[in-house]
Structures are given as C-alpha cells and as structure tokens.
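Asker: Provided herewith is a single structure, encoded as structure tokens, for subsequent inquiry.
The values are calculated or read from the model by the stated rules, or taken from the named source; none is laboratory data. Please read these numbers as outputs of a predicted model, since none were measured by experiment. Neighbour counts run over all protein chains shown; Cβ positions are idealised from the backbone, glycine included.
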Amino acid sequence: MNEFQHNYQLNKWLRDKGLKISDLDSHPQIDDVILLAQWRDALWADANLSERSFWGTQWDWAYIRKYPLKKKMLTKLEDITTIIGTRQHDKAQQRAQIKSLRKAKQAI
C-alpha cells in the first residue's frame with residue numbers, strides 16, 4: 001500500500017468515526033480516542049443501552065473535553081468488553097443448539 005492509499009484509508013476511517021485529520025496531530029488524548037473508536041467498531045452492535053451510554057460518556061470525556069481516561073474508566077470498559085464477549089459466546093451456543101435441534105427434528 002503506497003502512501004496515498006494509506007492516507008486515503010486513514011481519512012476515510014477518521015471521517016466514519018466523526019474525527020478530523022488534525023486531531024491525530026493535535027488532540028492530547030488521541031490514544032484514548034482511538035481506543036474508544038475501535039471499541040465502538042468491534043462491540044457496538046452487541047452492547048446494550050447501558051453499555052452504549054457508558055461509552056458515550058467516555059467519548060465525551062476523552063474526545064470532547066480532552067481529558068485522559070482514568071484507570072477506573074478503563075477497568076469498567078474492560079469489564080463491559082468481557083460481559084459482551086460472554087454474551088456473544090452464549091448466543092453462539094444457543095444458535096448451535098437450536099440448529100442441532102432442528103436437524104434432529106428433520107431427521108425424525
């Protein structure tokens with residue numbers, strides 16, 4: 001990937017997240033902002049309203065107000081990530097069980 005393609009992809013990703021290219025150079029908490037943006041990409045669809053609300057609060061804290069995320073906030077985000085992962089795993093098991101029951105019913 002050449003530099004032009006890299007910059008294009010980077011700008012597209014930033015636009016999709018509502019960020020500006022100037023934020024990469026000048027935002028004091030860019031690492032926290034990128035962490036939150038990646039978390040949103042990966043887990044937003046499976047997060048419930050409470051978890052999404054927590055994310056929104058952290059986004060406001062890190063991106064809008066430009067404060068660093070505190071250890072307590074990062075720990076809570078990690079806990080939520082674990083909960084969502086468990087929820088995803090449980091859903092996958094339920095789907096597999098339903099699929100096997102349907103196959104067994106069709107075999108009868």
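Asker: All but one of (1) surrounded by fewer than 16 Cβ atoms within 10 Å (Cβ to Cβ); (2) at pLDDT below 95; (3) more than 12 Å from the chain's Cα centre (by Cα) hold for Leu14, so report the exception by its number.
Answerer: Only one criterion in (1) surrounded by fewer than 16 Cβ atoms within 10 Å (Cβ to Cβ); (2) at pLDDT below 95; (3) more than 12 Å from the chain's Cα centre (by Cα) is unmet by Leu14, namely (1).
Asker: Can you confirm whether region 85-101 contains a residue that is within 13 Å of the chain's Cα centre (by Cα), part of a helix (DSSP H, G or I) and at pLDDT 95 or above?
Answerer: Checking region 85-101: at least one residue is within 13 Å of the chain's Cα centre (by Cα), part of a helix (DSSP H, G or I) and at pLDDT 95 or above.
Asker: Starting from region 30-43, take each residue that is small (Gly, Ala, Ser) and list its partners that are part of a helix (DSSP H, G or I), counting only C-beta distances under 7 angstrom and pairs at least six apart or across chains.
Answerer: Ala37/Lys17
Asker: Also, quick follow-up: Restricting the first residue to region 60-83 and requiring it to be assigned to a loop (DSSP other than H, G, I, E, B), which pairs with a second residue that is surrounded by 15 or more Cβ atoms within 10 Å (Cβ to Cβ) meet a Cβ separation below 6 Å and a spacing of at least six or different chains?
Answerer: Within 6 Å, the pairs are Lys66/Gln29; Tyr67/Trp61; Pro68/Gln29; Leu69/Asp32; Leu69/Ala62.
Asker: Of Leu14, Leu35, which residue is over 29 Å from Arg87 (Cβ atoms) and assigned to a helix (DSSP H, G or I)?
Answerer: Leu14
Asker: When you look at Trp44, is it under 21 Å from Leu24 (Cβ atoms) and either of a type outside the set (A, V, I, L, M) or loosely packed, with under 10 Cβ neighbours inside 10 Å (or both), yes or no?
Answerer: no
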